[in-house]
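Heads up: the structure comes next, in structure tokens.
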Amino acid sequence: MRRVTGLAARTISSSVAVHPRLAHTTAMMTTIPSSEPPSPRFGGLPTPSFAGGVAGIVFFSAAAASSLGQEVHAKEMSHKFNPKEVVLYQYEACPFCNKVKAFLDFNKIPYKIVEVNPLFKKEIKWSDYKKVPILTVDGEQLVDSSVIIDSLFQRMHPGISKSEDDEETIWRKWVDNHLVHILSPNIYRSTSEALESFDYITTHGNFSFTERLVAKYAGATAMYFVSKKLKKKYNITDERAALYDAAETWVDALNGRPFLGGSRPNLADLAVFGVLRPIRYLRSGKDMVDNTRIGEWFSRMENTVGEPSGIKE
């Protein structure tokens, strides 16, 4: 097993067995940024200067009674969170936005959706933060997908604290620092896949008819080349193999459980599901399900998370 540093080293030093597959991916991770990474990825576009603005297993055992007690306590506390208005500013295909939506949908929190035009971002001109997602809760602004989720979780379950070394937190960091970096090289792997992805992005995004045409073809071309740079940046040799390996790593982490959280999804389950949901029915997502064991877990997540609770304005 490779010697790893940072998060993995602290985990190993706490006498927890780490699956070699996770140790390998963890060794390539970087520290979680304080805000969503600025580099182009699925749901984003190239910088405005282009074309006029277009663009494993870490298992911590715990007593069943303790776990059940936490679930009961969580249910008791969750009813106290009852905001009057929740608004999500997003790009429909953004994996970070979909992480937040997975959390909101699972917890049946009603929210309004404001689709941001990625070229001009006029919908978020009121904010000093110029990336998505942005979530407002009764007028209070929250930014950065993981921070948003942590904040909402604490409001719903003030009696539950999360450790930096627990299984759930480690896998959430794996999502932010590893899984999301594999997506762009896969969905823009070829010119045909890049066009398929931008057809989805422009169809579901906030574009005028002209912007949609320009974004689809110019954006797809740009991101095809950007994806090659991302492969090099994140040391990805074969993008499909990397995607399959990540999917298998996640299934290994379940260790026979329906969800990482046991009988119900936890925040890590929601994070993985959220970032994968936009690609599920693209060619890359179909290939992933056809060639790995992740399909059954994904179907369970779809059924458990249920219908979206968001309404587009």
**Item:** Coordinate range along principal axes, alpha carbons of the stretch 93-181, Å, largest first
**Value:** 40, 32, 23
**Projected label distance in nm at E307 and L213, using a 7 Å step from Cα toward the beta-carbon** = 3.7
**Prompt:** Given 5 Å bins starting at zero, what is the percent of C-alpha pairs of the stretch 84-310 in each, up to the one with the largest pair distance?
**Reply:** 1, 7, 14, 18, 19, 18, 13, 8, 3, 1, 0
**Request:** Alpha carbons only, please: Rg and Dmax for the stretch 135-258, in angstrom.
**Result:** 18.4, 51
**Message:** What lysines does K84 reach when the alpha-carbon gap must be under 17 Å and sequence neighbours fewer than 8 apart in one chain are set aside?
**Reply:** K108, K112, K312
**Asked** Between D150 and K233, how many nm apart are label points set 7 Å from Cα along the C-beta direction?
**Response** 2.3
**Asked** What accessible area per residue comes out for the stretch 161-236, rounded to a whole number of Å², with a 1.4 Å probe?
**Response** 43
**Asked** For the stretch 184-228, what ratio Rg/Rh do Cα atoms give with a Kirkwood hydrodynamic radius?
**Response** 0.97
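Give me the percent of the accessible area of the stretch 84-310 that comes from carbon and sulfur atoms, probe 1.4 Å, all protein chains in place.
Taking all protein chains in place, the stretch 84-310 shows 53 percent carbon and sulfur surface.
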**Request:** Go through the stretch 265-313 and name the chymotrypsin sites (Phe, Trp or Tyr not before Pro) that are in a DSSP coil and have 12 or fewer other Cβ atoms within 10 Å of their Cβ.
**Result:** Y281
**Request:** Can you tell me how much longer the chain between D138 and D290 gets when fully stretched, taken as 0.36 nm per residue apart minus their C-alpha distance, in nm with one decimal?
**Result:** 50.5 nm
**Message:** I'd like to compare 122-131, 143-152: which one has the highest average count of other Cβ atoms within 10 Å, and what's the full order after that?
**Reply:** 143-152, 122-131
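Only bridges with both residues in the stretch 80-147 count here: give the DSSP antiparallel percent, nearest 5.
Here the antiparallel bridges make up roughly 65 percent for the stretch 80-147.
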**Cα centre as origin, Lys/Arg/Asp/Glu Cβ charges: the stretch 84-310 dipole, Debye** = 600
**Cut-off under 5 Å, modelled amide H: who pairs with I113 long-range** = L88, I311, K312, E313
**Asked** Top to bottom by accessible area (1.4 Å), largest first, where do K112, K231 land?
**Response** K112, K231
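The values are calculated or read from the model by the stated rules, or taken from the named source; none is laboratory data. Note that the structure is predicted; figures quoted are calculated from it, not measured. Methodologically, a virtual Cβ is constructed for each residue, glycine included, from the backbone with ideal geometry; neighbour enumeration extends over all protein chains shown. We work out accessible area using only protein heavy atoms, side chains counted, and drop any ligands, DNA or RNA first. Shrake-Rupley method; radii C 1.70, N 1.55, O 1.52, S 1.80 Å.
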